[in-house]
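*Asks:* What follows is a single structure, and I will ask about it in a moment.
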Amino acid sequence: MSPPSTTPSPTPPPTLCPALFLAAPASGQGKTTVTAAIARLLTRQGKVVRVFKTGPDYLDPQILAQASGQPVVQLDMWMAGEPWCQQKLYEAACTADLILIEGAMGLFDGQPSSADLAARFQIPVAIIMDVKGMAQTAAAIALGLANFRDDFTTAGLIANNCGSERHRQLIEESLPESLPLLATLKRSEEVALPERHLGLVQAQEVADTLELRFEAAADWIQEAGILPWLNALKPVQFQPEAIRSLPKLLANKRIAIARDEAFSFIYASNLQLLEAMGAELCFFSPIHDSAINNTSGAEPDALWLPGGYPELHAKLLAENTAMIQQIQAFHRQNKPILAECGGFLYCLQDLCDLDDNTHNMAALIDGSGAMRGKRGCQGMQTAPLPEGQIRGHAHHRSRSEGTPPPIAHGIRQRHPAPGEAIYREGALTASYLHLFFPSNPEAIARLFLGQTKQTVNLEAKKYVN
C-alpha cells in the first residue's frame, strides 16, 4: 500500500509556561502524593495543571490524571524519543497554567534519568525527601543531589514527613541560601495512596477514596506555605517539533481493545496514535461483556489485549465462557491479536491466582501462568518483531511455563542477556512486553493489519498524535 505524501506544516513559535520537575533521592519518598497534592490545590483554584510522569509507569498517571482533571502522558526519552517528548511538552504548555513532571525512582537513576529529562528541557527540580529519622543529614543529601551535576537547576527541598517545628529548623539551618527549604510537610495518614504488588492501586478502583485523599492533600500542601512560591515560578520556554501529518495506514480498520478492572495498562499515547492513523477504536470488557463487539454490531479487524491485573480477576475471567469463545473464534479467523503482559496471561491455557487457585483462560497459546513473589524480567526492552522493532518495557510478578518456542526475545536497553520471550501463534503476538506504539508507527500499523511480509512506507520521521 502506498501512503499519501506528507508535507511539513509551518513550525509554530515557542511558548512559555511555568514548569516544575518533582524528583527524589529514591522511590518511596512521596513524589506521587506531593505531585497530586499540588495538582489538586491549583486545580481547585481554577488553574489548568498538566502533569507528566517520567518513565513507562501506568498506575501513577491514573492517580495524577484524577488529581489534575487532565490527561497525563508518560515521558521517556529512550522509549519515546526526545522529539516526541519535546512536542508533548510544547502542546501542554500551549494550554496550561503550570506543568508538573513527576520523576521516577531516584533523580539520577536510569539512562536516561529524571535529571537527564530535566536538563534537556531546562525545567527546575524540586527535591522531595522523606526526612523521618534525620535532620541535618537531609540537607547534606539534598545538597549532594543539587551539586552532583551542573546542567540543571535545583529549586529547593520539600521535606516530607517532618515531625515538628524544631525538626524543620534543623533542616533549614543546614541548607545554603542557594538551596532553600520550599516546604515542610507534616506526617499525615490521610494523604497516603493505597498500594499493591505492582505499585499503586488503580484509580478507578478507589475513585471515591482518592477524592477524599486529594482534598486532604491539597489542604496539607497549602498549610505548608508552598503556594506563593508556586505562583512565582518563572516560565520555561518550550519549543515545538516540526510537524508532519501521519498517513492513515489504519483507515477503515476497527480495533477492539480490552478495558476493564483486569485490563487497564493502556498508554493514552497508543490510543491517540491508532486514531491518528485512521483506526476506529472500540472497547469491551472480558469480565462483564459477552461479545467483543458488545457496543456495536460491526466486527473488529484486530484485537488488543493490554496488561493489567488478570490475576486479581481470574475467576471472573474464567467464568465468562461466552467471551472466551468469542476470542477463540476471532483467533481461528486468523485476525491480528496483540496480547501484552496481563493480556498474554489471559491467552494462556490457565492462570494460578494470588490464592493459588488455578483458572482456565482463553487457551490461544500453550502454557500456564502463575504469580510469584519476585519480579520478572524488568526494564526497558526493544521487541524485534517481524514487522519492525518497537520499544517498550516489562514489569511483572508472574511467570509462564510450558509455552512454545518464542520467535524472538526482547533486546534489553543496556544488558546483553535476552529479554522477554515473544510468541507468535497464527496472527497472535504475545509477550510480557508493554509496547509504546509511537516508537515505531510503521511496525504497529503492520502488526494490526497482519502484514508481516509487506512493507508499509512512512515518509514522516516524526509524529504528532
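*Asks:* Does ASN320 satisfy being in contact with a helix residue (DSSP H, G or I) (Cβ under 6 Å, 6 or more places away or on another chain) and surrounded by fewer than 23 Cβ atoms within 10 Å (Cβ to Cβ)? Talk me through it step by step, then tell me what you get.
*Replies:* Details: in contact with a helix residue (DSSP H, G or I) (Cβ under 6 Å, 6 or more places away or on another chain): no; surrounded by fewer than 23 Cβ atoms within 10 Å (Cβ to Cβ): yes.
Judged against the criteria, ASN320 is not a match.
*Asks:* Moving on to the next point. Could you check how many residues of segment 272-316 are of a type in the set (Lys, Arg) and under 27 Å from PRO438 (Cβ atoms)?
*Replies:* Step one: of segment 272-316, the residues of a type in the set (Lys, Arg) are 315.
Applying the additional criterion that residues be under 27 Å from PRO438 (Cβ atoms) yields none.
Looking only at that region, the number is 0.
*Asks:* Within segment 342-376, how many residues turn out to be of a type in the set (A, V, I, L, M, F, W, C) and either more than 26 Å from the chain's Cα centre (by Cα) or surrounded by fewer than 20 Cβ atoms within 10 Å (Cβ to Cβ) (or both)? So that I can check it myself, show each step before the final result.
*Replies:* First pass over segment 342-376, keeping only residues of a type in the set (A, V, I, L, M, F, W, C): 344-345, 347-348, 351-352, 354, 361-365, 370-371.
Okay, now just the ones that are also either more than 26 Å from the chain's Cα centre (by Cα) or surrounded by fewer than 20 Cβ atoms within 10 Å (Cβ to Cβ) (or both), so 352, 354, 361-365, 370-371.
Residues flagged as of a type in the set (A, V, I, L, M, F, W, C) and either more than 26 Å from the chain's Cα centre (by Cα) or surrounded by fewer than 20 Cβ atoms within 10 Å (Cβ to Cβ) (or both) within segment 342-376 amount to 9.
*Asks:* Quick one: is LEU185 within 23 Å of ASP219 (Cβ to Cβ), touching a residue at least 40 places away in the same chain (Cβ under 8 Å) and not β-branched (Val, Ile, Thr)?
*Replies:* Values: within 23 Å of ASP219 (Cβ to Cβ): yes; touching a residue at least 40 places away in the same chain (Cβ under 8 Å): yes; not β-branched (Val, Ile, Thr): yes.
When the stated conditions are applied, LEU185 passes them.
*Asks:* Ok, one more. When you scan segment 291-380 for strands (runs of 3 or more DSSP E) that lie fully inside it, which ones turn up with 2 or more residues that are within 23 Å of GLY55 (Cβ to Cβ) and of a type in the set (Asp, Glu)? Can you show your working first?
*Replies:* Details: elements: 302-305, 337-340, 350-352, 358-360, 368-371.
Filter on segment 291-380 gives an empty set.
*Asks:* Let me ask something additional. Before we move on, is LYS31 of a type in the set (Lys, Arg) and surrounded by fewer than 19 Cβ atoms within 10 Å (Cβ to Cβ)? I'd like the intermediate steps shown before the answer.
*Replies:* Working: of a type in the set (Lys, Arg): yes; surrounded by fewer than 19 Cβ atoms within 10 Å (Cβ to Cβ): no.
No; evaluated as a whole, the condition is false for this residue.
*Asks:* On to the next question. So, ALA126, is that one farther than 26 Å from LEU227 by Cβ, assigned by TED's automatic domain parsing to the domain that holds THR184, out of contact with any His (no Cβ under 7 Å at 6 or more places or on another chain) and small (Gly, Ala, Ser) or not?
*Replies:* No: the conditions fail for ALA126.
*Asks:* Something else now. For segment 267-280, indicate whether the set of residues that are small (Gly, Ala, Ser) and over 24 Å from TYR58 (Cα atoms) is non-empty.
*Replies:* Start the filter on segment 267-280 by keeping residues that are small (Gly, Ala, Ser), which leaves 268-269, 276, 278-279.
Imposing the further condition that a residue be over 24 Å from TYR58 (Cα atoms) reduces the set to 278.
Within segment 267-280 (the criterion being small (Gly, Ala, Ser) and over 24 Å from TYR58 (Cα atoms)), the answer is yes, since at least one residue qualifies.
*Asks:* All but one of (1) at pLDDT 95 or above; (2) part of a helix (DSSP H, G or I) hold for GLU215; which doesn't?
*Replies:* With respect to (1) at pLDDT 95 or above; (2) part of a helix (DSSP H, G or I), GLU215 is out only on (1).
*Asks:* Scanning for something under 25 Å from ALA36 (Cβ atoms), hydroxyl-bearing (Ser, Thr, Tyr) and without any contact (Cβ under 8 Å) to a residue 24 or more places away in the chain, does segment 109-130 turn up at least one residue? Spell out how you get there, then give the answer.
*Replies:* Pass one, segment 109-130, residues under 25 Å from ALA36 (Cβ atoms): 109-110, 112-130.
Retained after the next criterion (residues that are hydroxyl-bearing (Ser, Thr, Tyr)): 113-114.
From the residues that got through so far, the ones that are without any contact (Cβ under 8 Å) to a residue 24 or more places away in the chain too are 113.
Within segment 109-130, one or more residues are under 25 Å from ALA36 (Cβ atoms), hydroxyl-bearing (Ser, Thr, Tyr) and without any contact (Cβ under 8 Å) to a residue 24 or more places away in the chain.
*Asks:* Output the number of residues of segment 47-79 satisfying the condition of being under 13 Å from LEU98 (Cα atoms) and of a type in the set (Ser, Thr, Tyr).
*Replies:* Residues meeting the conditions: 1.
*Asks:* Say whether the condition of being out of contact with any Pro (no Cβ under 9 Å at 6 or more places or on another chain), of a type in the set (A, V, I, L, M), surrounded by fewer than 18 Cβ atoms within 10 Å (Cβ to Cβ) and assigned by TED's automatic domain parsing to the domain that holds SER114 is met by at least one residue in segment 181-193. Walk me through it before giving the result.
*Replies:* Kept after step one, since they are out of contact with any Pro (no Cβ under 9 Å at 6 or more places or on another chain), are these residues of segment 181-193: 181-193.
Imposing the further condition that a residue be of a type in the set (A, V, I, L, M) reduces the set to 181-183, 185, 191-193.
Those still in the list that are surrounded by fewer than 18 Cβ atoms within 10 Å (Cβ to Cβ) too: 192.
Narrowing further to those that are assigned by TED's automatic domain parsing to the domain that holds SER114: 192.
Yes, some residue in segment 181-193 is out of contact with any Pro (no Cβ under 9 Å at 6 or more places or on another chain), of a type in the set (A, V, I, L, M), surrounded by fewer than 18 Cβ atoms within 10 Å (Cβ to Cβ) and assigned by TED's automatic domain parsing to the domain that holds SER114.
*Asks:* A further question follows. Would you tally the residues in segment 262-278 being assigned to a loop (DSSP other than H, G, I, E, B) and under 17 Å from the mean Cα position of the chain (by Cα)?
*Replies:* Residues of segment 262-278 that are assigned to a loop (DSSP other than H, G, I, E, B), as a first pass: 262, 266-267, 277-278.
Still in the running and under 17 Å from the mean Cα position of the chain (by Cα): 262, 266-267.
Summing the residues that are assigned to a loop (DSSP other than H, G, I, E, B) and under 17 Å from the mean Cα position of the chain (by Cα) in segment 262-278 gives 3.
*Asks:* Residue pairs, Cβ under 7 Å, 6 or more apart or interchain, first in segment 215-233 and touching a residue at least 40 places away in the same chain (Cβ under 8 Å), second assigned to a loop (DSSP other than H, G, I, E, B) and not hydrophobic (A, V, I, L, M, F, W, C). List them.
*Replies:* Hits for this filter: ALA218/ARG44; TRP220/SER188.
*Asks:* Return a yes/no flag: does segment 227-240 have any residue that is under 25 Å from LEU317 (Cα atoms), surrounded by 19 or more Cβ atoms within 10 Å (Cβ to Cβ) and in contact with a strand residue (DSSP E or B) (Cβ under 7 Å, 6 or more places away or on another chain). Before you say what the answer is, go through the steps one by one.
*Replies:* Filtering segment 227-240 down to residues under 25 Å from LEU317 (Cα atoms) leaves none.
No, there is no match, as no residue in segment 227-240 is under 25 Å from LEU317 (Cα atoms), surrounded by 19 or more Cβ atoms within 10 Å (Cβ to Cβ) and in contact with a strand residue (DSSP E or B) (Cβ under 7 Å, 6 or more places away or on another chain).
*Asks:* What number of residues within segment 247-261 are surrounded by fewer than 17 Cβ atoms within 10 Å (Cβ to Cβ) and within 22 Å of the chain's Cα centre (by Cα)?
*Replies:* 0
*Asks:* Report yes if some residue within segment 342-362 is modelled with pLDDT of 95 or more and at positive phi; otherwise report no.
*Replies:* There is no residue in segment 342-362 that is modelled with pLDDT of 95 or more and at positive phi.
*Asks:* In addition: Go through the residues of segment 71-85 one by one and say whether even a single one is small (Gly, Ala, Ser), crowded, with 20+ Cβ neighbours inside 10 Å, assigned by TED's automatic domain parsing to the domain that holds ALA23 and within 14 Å of LYS31 (Cβ to Cβ). Don't jump to the end; show me each part of the working.
*Replies:* Of the residues in segment 71-85, the ones small (Gly, Ala, Ser) are 80-81.
The next check asks that each one be crowded, with 20+ Cβ neighbours inside 10 Å; those that pass are 80.
Going one step further and asking which of them are assigned by TED's automatic domain parsing to the domain that holds ALA23, we end up with 80.
Now narrow it down to the ones that are within 14 Å of LYS31 (Cβ to Cβ): none.
Within segment 71-85, not a single residue is small (Gly, Ala, Ser), crowded, with 20+ Cβ neighbours inside 10 Å, assigned by TED's automatic domain parsing to the domain that holds ALA23 and within 14 Å of LYS31 (Cβ to Cβ).
*Asks:* Answer yes or no as to whether VAL48 is out of contact with any helix residue (DSSP H, G or I) (no Cβ under 6 Å at 6 or more places or on another chain) and buried (at least 24 other Cβ atoms within 10 Å of the Cβ). Break it down stepwise before answering.
*Replies:* Values: out of contact with any helix residue (DSSP H, G or I) (no Cβ under 6 Å at 6 or more places or on another chain): yes; buried (at least 24 other Cβ atoms within 10 Å of the Cβ): no.
Taking the combined requirement at face value, the residue does not satisfy it.
The values are calculated or read from the model by the stated rules, or taken from the named source; none is laboratory data. All values reported here derive from a predicted model rather than from experimental measurement. Because the Cβ atoms are built from the backbone with ideal geometry, glycine has one as well, and the counts that use them run over all protein chains shown.
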